[in-house]
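Only one structure is covered here, and it is reproduced in the block below.
The values are calculated or read from the model by the stated rules, or taken from the named source; none is laboratory data. On a predicted model such as this, the values are computed, not experimentally measured, just so you know. We place every Cβ from the backbone using ideal geometry, glycine too, and count neighbours over all the protein chains shown.
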Amino acid sequence: MDTAVPDEVLARACLGDETAREAIYRTLAPATLTFIRRMVGQRALAEDIFQDTMMALYERLPQFRREAPLGAWLRQIALNRCLMYLRSPWQRARMRLESSELAGGCAPNMLAVPGYRGESIDLERALATLAPTARAVVWMFEVEGYSHEEIARAFGRSVSFSKSQLARAHARLRAWFEPQEIRQSCTLI
Amino acid sequence: MHPDLAPRGPLGRLLRALPEEAQPPYDFHEFRRRAAAQMETAHSSRKGHLLATAASIAVLAVVLLLRLGLSPSPRIASGALTAPVVVTPAGSARPEVMERWLAGFPEDPALVRVGTRAAVTGLEDRIAQLDDLLSAARLERAQRARLDALQQERTRLLGALVQVRYAETLADAAQ
């Protein structure tokens, strides 16, 4: 999300200019949606969080102090929205229910991954088999560069929570890539 | 693809290399439309929440007054509520007791509130309709179950009317 928004467009958008706001939307929306989808997994849910994130962006735009690029600021808003979703008691209860239903089976959202071309489809599928919290921890640690302490704070949990989530996710991803027979037994496509 | 996933670097590089969305999920105009719809929903839900809270407080106050058996103010007591009415939850009182109680309320409240008046006339209309239905059912020698159902509904409405009128009278007395 390092696409730069010209200062002049940003200034007009802060004053409420709809054309400038539309330009910002066109520039930043794809990367924002990608980021949210990586964090929460499901496309429909990602679109809901995306909508909330963009609404929050325009609401708070006049308060943007330009200490960081607008894209980074928006990414932070999106991250907070995703964490709010992942931390909600309702969502945690749902995840527990789903994980108990799926114990020993394959994650159904494997099939919901849009068909990207090339080798990356394997990694997409592997990520889709992770639980939402584990996927978010992997993404925050591996891509966003958060430390275990920061992840623990973000989730309101302990550092060992972050470490164990990451270790289990690594083990799961390794199992996905290494023994082909496991993957074949789970492939429903 | 058999990457070494253990260290932080390689997996991060692979994840960063995943393709991004090429387009937003919908265009800016659709975004604006959805945002407006969300704001509208949030606004009406807030309004509904406030109304529901106000109504709940009002009902709670009436129920508390009825439960505590607070006697009406001297003005009411000397005028309308002279009959020895036992204060019971209106729903469980006998219809004739409620009728007597209703008859004891002042005909015209000192201060007419549009909402309360509408509720009173609405309830009175529905009770009158039920009276017609009951008369017709008795003439047609309808089944006992139907007559009972109509009578129960009438009693329920009567109970609601008693509560509203009582609250109205108390409010007048407090002026």
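I'd like the full set of residues that are within 13 Å of chain B (Cβ to nearest Cβ) and assigned to a helix (DSSP H, G or I), limited to segment A:135-150.
Once the filter is applied, which keeps residues that are within 13 Å of chain B (Cβ to nearest Cβ) and assigned to a helix (DSSP H, G or I), segment A:135-150 yields A:R135, A:A136, A:V137, A:V138, A:W139, A:M140, A:F141, A:E142, A:V143, A:H148.
Give me a count of the residues in segment A:1-41 that are surrounded by 15 or more Cβ atoms within 10 Å (Cβ to Cβ) and of a type outside the set (K, R).
Final tally of qualifying residues: 24.
Regarding A:R26, is this residue of a type outside the set (V, I, T) and either in a loop (DSSP other than H, G, I, E, B) or in contact (Cβ under 8 Å) with a residue 40 or more places away in the chain (or both)?
No: the conditions fail for A:R26.
Does A:R43 satisfy the condition of being without any contact (Cβ under 8 Å) to a residue 60 or more places away in the chain, basic (K, R) and either out of contact with any His (no Cβ under 9 Å at 6 or more places or on another chain) or away from chain B (no Cβ under 13 Å) (or both)?
On the way: without any contact (Cβ under 8 Å) to a residue 60 or more places away in the chain: no; basic (K, R): yes; either out of contact with any His (no Cβ under 9 Å at 6 or more places or on another chain) or away from chain B (no Cβ under 13 Å) (or both): yes.
Considered against the rule, which asks whether it is without any contact (Cβ under 8 Å) to a residue 60 or more places away in the chain, basic (K, R) and either out of contact with any His (no Cβ under 9 Å at 6 or more places or on another chain) or away from chain B (no Cβ under 13 Å) (or both), A:R43 comes out as no.
Among the residues of segment B:15-46, count how many are more than 16 Å from A:I49 (Cβ to Cβ), within 7 Å of chain A (Cβ to nearest Cβ) and part of a helix (DSSP H, G or I).
Qualifying residue count, segment B:15-46: 3.
Of the residues B:V97, B:V164, which is within 18 Å of B:A58 (Cα to Cα) and outside the structural domain of B:A58 (by TED's automatic domain parsing)? Let's see the steps before the verdict.
Details: B:V97 fails: within 18 Å of B:A58 (Cα to Cα).
Result of the check over B:V97, B:V164: B:V164.
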